[in-house]
């Protein structure tokens, strides 16, 4: 008897190169998606991620319908719901992609136990990753804690297996209950809250088709050849823009890898190292599940942060007085994404100059990024805070003025997102209040229009280094004048995407208001 199979869609919302779907394609199949907020320890997807998820599920439902199967959408305890459905339709297996988040691994353990008690199986596949975290280790046999040797080891393995084609047809079966329309998941902004996602559709097309279109637009020889330099220029479309599509599995790492290799050959390697950074951050999350809420370097648990709601609010709103940072924070608010170079500069300002807990910055990214990812973001924020395993030099303090002048020399990025500075000459665009009074008047810039820097750079840098010395307790790594303004070598630069889960906040006198709606 050809018994049915359930395909549990999680973070692999596509039909091509989906091993779970391919494994079930020859049998009667029931595709299922379950929104299980409670499984994430009470931390739901952020507002921007939920917006993306809504549209991605709509697209997936249409794609599956075209193949002959209906996407069964549910909300609640995924383990209980899937076990019940498997019993109702007498499914032999539940096919799914494995995940690295602690809550997801607990789901897999519990579902395996429930299914096996009834003679059924949970079959897990590598669907959203290049390799399983347990299959790669350092020479000592321990998990990697530094990115560069991890990347070298992955590249030494050669290219990945070819992606799987989409099934030509599915034998979909009727679900045992009506299920929910995607709209019933309440993933979109609710009225009367202002529609903070109004501009998202100008920048993004969620769904597998949108991911493939963006991949095709990026995977071209000229773009890959110039990637190492163009990726650092926020005024141009030099990065791939694939992060939200990868986050939700609308494209797979294998598809991205092969498209880049085919188009760029060896020129694609700098870009592929970004795919490997994503793997590395998930490798860390698997082996160090505390990374979303605790410093990986124990001495940093006592870092002397100075939580201040007003400073945090100014940073979130793009009102710090540092144009490159403010441009990034406003881009983030309006389209749910920020250029990666600017993410690093903005994170450095918050944690180092302003001495705000990295968990607060990470929580804001959680709520505002369409590519919110617990592994990438946890590793990246800890890298910038200096508390991560791969955070050398941990005393790095970006100068937001010279960073802006280096990576946005003509101010094109700032002029787009901070239009009140658009009429300033390029020489003053990143340091407006050094311009003569007549130039400020001619450009229409005043403190009522755009704020002065929220903290003086030299003062903020000195304060950050003092705090780092206190943490390091005289470590020779923290030297006088230790500062870098030239950014980070491509091999060591993190790729910020997402946020930690259940972030442990440093106690503050004022609790930050949570949620996009509360800050609109």
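Read the figures in this text as sums done on the coordinates, not as results from a lab. From a predicted model like this one, the values you see are computed outputs, not experimental measurements. Cβ: placed from backbone, ideal geometry, glycine included. Neighbour counts: every protein chain shown.
Taking R0 as 22 Å, what's the FRET efficiency between residue 426 and residue 462 from their Cβ-Cβ distance, rounded to 0.05?
Taking R0 as 22 Å, the efficiency between residue 426 and residue 462 is 0.15.
Starting from a Cα-only point model with no solvent, please compute log10 I(q)/I(0) by Debye for segment 81-141 at q = 0.15, 0.18, 0.19, 0.27 1/Å. Once normalised to I(0) and log-transformed, intensities are -0.53, -0.69, -0.74, -1.13. As a calculated quantity, the FRET efficiency between residue 205 and residue 228 at R0 = 35 Å, using C-beta atoms, amounts to about 0.85. The calculated FRET efficiency for residue 177 paired with residue 26, based on their beta-carbon distance and R0 = 25 Å, is about 0.50. Give the Kirkwood hydrodynamic radius (Å, one decimal) of segment 319-460, defined as one over the mean of 1/r across all pairs of different Cα atoms. Kirkwood hydrodynamic radius for segment 319-460: 15.6 Å.
A full extension of the chain between residue 290 and residue 3 corresponds to an added length of 99.3 nm, given 0.36 nm per residue minus the alpha carbon distance.
Here, segment 185-245 has an Rg and a Dmax of 15.1, 47 Å when only alpha carbons are counted. Diffusion coefficient of segment 5-127 by Stokes-Einstein, Kirkwood radius over Cα pairs, 25 °C, 0.890 mPa s: 168 µm²/s.
Bins of 10 Å, beginning at zero and ending with the bin holding the largest distance: percent of Cα pairs per bin for segment 44-190, please. Going out from 0 Å in 10 Å bins, segment 44-190 shows 9, 27, 35, 21, 8, 0 percent. Note: segment 254-300, Cα convex hull, 84 Å³ per residue.
With a simple spin-label model that places each label point 7 Å from the Cα along the Cα-to-Cβ direction, the separation between residue 80 and residue 138 comes to 4.4 nm.
First check a/c for segment 227-376, with a ≥ b ≥ c the square roots of the eigenvalues of its C-alpha gyration tensor; if it is under 1.5, answer rounded, and if not, answer prolate when a/b is larger than b/c or oblate otherwise. Oblate, since a/c reaches 1.5 and b/c is not below a/b. Take 106-112, 302-308 and order them by the average number of nearby Cβ atoms within 10 Å per residue, most first; the result is 106-112, 302-308.
With the convex hull constructed from alpha-carbon coordinates only, segment 331-390 shows a mean projected area of 3.8 nm² over all directions. Relative protection proxy for 325-337, 439-451, 415-427, from highest mean packing down: 325-337, 415-427, 439-451 (other beta-carbon atoms within 10 angstrom).
Kindly put 281, 228 in sequence by how many other C-beta atoms sit within 10 Å of each C-beta, fewest to most. Display every interim value, and only then the final one.
Numbers: 281 30, 228 16.
Listed from fewest to most nearby Cβ atoms, that is 228, 281.
In plain terms, the chain from residue 146 to residue 306 could stretch by 54.7 nm, reckoned as 0.36 nm per residue minus the Cα-Cα distance.
Arrange the peptides 6-13, 135-142 so that the one whose residues have, on average, the most other Cβ atoms within 10 Å appears first.
Numbers: 6-13: 25.0, 135-142: 10.5.
Ranking, from highest mean packing down: 6-13, 135-142.
The mean sequence separation of alpha-carbon pairs under 8 Å and at least six residues apart, normalised by the residue count of the chain, gives a relative contact order of 19 percent.
The mean of 1/r over all distinct Cα pairs in segment 216-272, once inverted, gives the Kirkwood hydrodynamic radius of 11.4 Å. Quick check: the angle from helix 102-116's long axis to the longest principal axis of the chain, C-alpha only, nearest 10 degrees? The angle comes out near 10 degrees. Note on residue 116 and residue 90: their simple-model spin labels are 2.5 nm apart, each label 7 Å out from Cα toward Cβ. I need the shape label for segment 161-302. Rule: rounded when a/c is under 1.5, else prolate if a/b > b/c, else oblate, with a, b, c from the alpha carbon gyration tensor. In terms of gyration-tensor shape, rounded.
If you look at the Cα atoms of the chain, you get an Rg and a Dmax of 23.5, 84 Å.
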